[in-house]
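What follows is one structure encoded as structure tokens, with my remarks underneath.
Each reported figure results from applying straightforward, stated rules to the coordinates on display, with no laboratory input. Keep in mind that this is a model prediction, so the values were computed, not measured. Glycine also receives a Cβ, built like all others from the backbone with ideal geometry; neighbour counts cover every protein chain displayed.
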Amino acid sequence: MGIRFDSVTVAYDGNVDNLALESLDLTVEPGEVMALLGPSGSGKTTALRAVAGFVRPVSGRVFLGGRDVTDLPPYRRGIGMVVQSYALFPHMRVDENVAFGLKAQKTPKSEIRQRVAEALEMTGMAAYARRHPRELSGGQQQRVAIARALAIRPDVLLLDEPLSALDAQLRSGMLAELARLHRELPDLSMLYVTHDQVEALTLADRIAVMDKARLRACGTPKELYRAPTDEFTASFVGGANLVPVIVGAQGVAFAGAELEVDTAGAAAGARATLCVRPHLVGLGEGPNQLVGALREIQWRGATHRLYVEVDGHSVMADVRELKDPPRHGESVTLHFAPENAVLLPAGVSHG
């Protein structure tokens, strides 16, 4: 079962001058994992709550599997939901928590036992069935919350920042578990809300980038990473160097240098923004050289990140760990290959 937003607009307190979500048109295909990615206040959680039935659009319709559910209460939509706070009942054991939705649906007792066991096995929590939430780690509690959502066998699973309360190691493990669940439940559609680009890039089949209550871009992780359509998407999906340039006949001009890049579709003399990912910027001489002063260097284990000021703009380079890194203020030469740059419409500001 898929999800479709048809020009969905949600307003705070019903005030159309105070929009939480504006004219969202978006389709999640059956069996697809769609990540809603964006900063706080971008509208991503509001979109998820509109699917769940917790907020009502002031205009537009929400469809699940072709069925208009806009006017249906949450309990009649047949969805599973996992939230950031886990929302487990502290006085109930793990198996009782997982059974809660099934009991609410008046599922026969014999079937409840079977489906609870299946959900706990699927999430690796079968051995903890008799424990209470207080006896579990954060990651284990989140697995129980996922098991509870899966026990009702939903066609759609909504996940609202489900890993944000976990530490980095637990988050990585849970991402792997969610990816495994997706493989084991290929017909289950997932709508995954996050502000973490790594989660979105790792898990999603497609990513919908949200900002200021509107959809900015939608595509596969590789599409949005390698060929972003605007500055916001470029900076929010993976991080990027964004510098202002002037389009020339054979390339672009920046910091007094002529840089060879693909300018197809751009008019000569127009202002534009050059986008290059930091890991595609090399240290030393090469094509498309940029010379500037080192302002900061960060050791990141296998790599160093260099922040180089070029003509008043900060350019980042992620290079293999340097045995003898340059010093602060030292002149540094960077380079990038023409095919590793993307030309974007000029934005309002640059770093």
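Label zone of residue 85 (point 7 Å out along Cα→Cβ, amide N under 17 Å): in region 46-61 this covers 46, 49, 54-55. In this simple spin-label model, placing a label point 7 Å from the Cα along the Cα-to-Cβ direction at both residue 311 and residue 118 gives a separation of 6.2 nm. If you take the Cα centroid of region 311-332 and the Cα centroid of region 45-109, the two points sit 50 Å apart. In terms of surrounding Cβ atoms within a 10 Å radius of their Cβ, 307, 128, 75 rank from fewest to most as 75, 307, 128.
When you filter the trypsin sites (Lys or Arg not before Pro) in region 245-351 for DSSP loop state and at most 11 other Cβ atoms inside 10 Å of their Cβ, you are left with 300, 323, 327. The C-alpha atoms of the chain define a longest principal axis, and helix 94-104 lies at about 70 degrees to it.
Applying 1/(1 + (r/R0)^6) with R0 = 41 Å to the Cβ-Cβ distance of residue 168 and residue 12 gives a FRET efficiency near 0.75. Can you compute the FRET efficiency between residue 333 and residue 249 using 1/(1 + (r/R0)^6), with r the Cβ-Cβ distance and R0 = 25 Å? Round to the nearest 0.05. That pair, residue 333 with residue 249, gives E of 0.50. Electrostatic bookkeeping for residue 297 treats Lys and Arg as +1 and Asp and Glu as -1; over the other residues with beta carbon under 15 Å from its beta carbon, the sum is 0.
GNM remark for the chain: springs join alpha carbons under 10 Å apart, and the peak mean-square fluctuation among 317, 257, 302 falls on 302.
In degrees from 0 to 90, rounded to the nearest 10, what is the angle of the helix 109-122 Cα long axis to the longest principal axis of the chain? Computed tilt is about 20 degrees.
Each of the GluC sites (Glu not before Pro) that DSSP puts in a loop and that has at most 12 other Cβ atoms within 10 Å breaks the chain; the longest unbroken stretch is 1-284. Using the Cα centre of the chain as origin and beta-carbon charges of +1 (Lys, Arg) and -1 (Asp, Glu), tell me which of 63, 108, 43 is placed farthest towards the positive end of the dipole. Checking the options against the dipole of the chain, the answer is 108. For the chain, adding -39500 (n - 2.57) for each run of n ≥ 4 DSSP H residues and dividing by the number of residues yields -7000 deg cm²/dmol at 222 nm. Where both bridge residues fall in region 3-226, DSSP classifies roughly 50% of the beta bridges as antiparallel. Here the calculated FRET efficiency for residue 205 and residue 68, from their Cβ-Cβ distance with R0 = 30 Å, stands at 0.75, rounded to the nearest 0.05.
Using Cα springs under 10 Å in a Gaussian network model of the chain, which residue among 265, 139, 238 shows the largest mean-square fluctuation? Greatest mean-square fluctuation among the candidates belongs to 265.
Other residues whose C-beta falls under 15 angstrom from the C-beta of residue 165 contribute a net charge of -3, scoring Lys and Arg +1 and Asp and Glu -1.
GNM remark for the chain: springs join alpha carbons under 10 Å apart, and the peak mean-square fluctuation among 95, 68, 230 falls on 68.
For the chain, the longest principal axis of the alpha carbon atoms and the long axis of helix 168-184 meet at an angle near 60°.
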